[in-house]
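S.K.: There's a structure below that I have some questions on.
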Amino acid sequence: MIQALAMKRAKKLILLLRSAFLPAIAFTIIAFFGSYALFGSNGVLAWGDYSQRYEARKVEFALVQQEKAELANRVKLLDPRHANPDMVDELVRRDLGLTHPDEVIIPIE
């Protein structure tokens with residue numbers, strides 16, 4: 001009698017475990033993706049870091065744009081069709097060392 005009762009309880013337990021297996025797997029998968037959505041590299045909590053990096057990149061981009069504009073202006077001044085004589089003279093004297101000993105070169109930059 002006791003064995004029959006124990007067997008009946010074991011069957012109920014096995015049936016309960018079988019019925020809870022798929023929902024437990026589903027819950028585990030949902031919990032995994034939910035935690036990744038919060039704490040992962042592209043999660044909600046990483047948003048602040050992305051915002052800070054975006055602001056830093058905006059500042060860096062503005063500096064690069066300014067440098068690009070300065071270089072474009074120098075290229076325009078050195079255009080072979082109508083070069084700026086002062087710019088050409090400055091570059092030739094500086095690069096080729098064609099200065100007199102009594103001359104003083106004051107860099108503009």
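Results for (1) exposed (fewer than 10 other Cβ atoms within 10 Å of the Cβ); (2) at pLDDT 85 or above, shown as yes or no for each residue.
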| residue | (1), (2) |
| --- | --- |
| Ala31 | no, yes |
| Glu60 | no, yes |
| Met87 | no, no |
| Glu90 | no, no |
| Leu96 | yes, no |
| Glu103 | yes, no |
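S.K.: Would you please list the contacts, defined by Cβ atoms under 9 Å and residues six or more apart or on different chains, that run from a residue in region 92-104 that is at negative phi and of a type outside the set (D, E, K, R) to a residue that is in a helix (DSSP H, G or I) and surrounded by 10 or more Cβ atoms within 10 Å (Cβ to Cβ)?
M.R.: Leu98/Val92; Thr99/Arg93
S.K.: Among the candidates Glu67, Glu55, Glu103, single out the residue that is within 30 Å of Tyr36 (Cα to Cα) and not polar (S, T, N, Q).
M.R.: Only one candidate qualifies: Glu55.
The values are calculated or read from the model by the stated rules, or taken from the named source; none is laboratory data. Please read these numbers as outputs of a predicted model, since none were measured by experiment. Note that each Cβ is placed from the backbone with ideal geometry, even for glycine, and that neighbours are counted across all protein chains shown.
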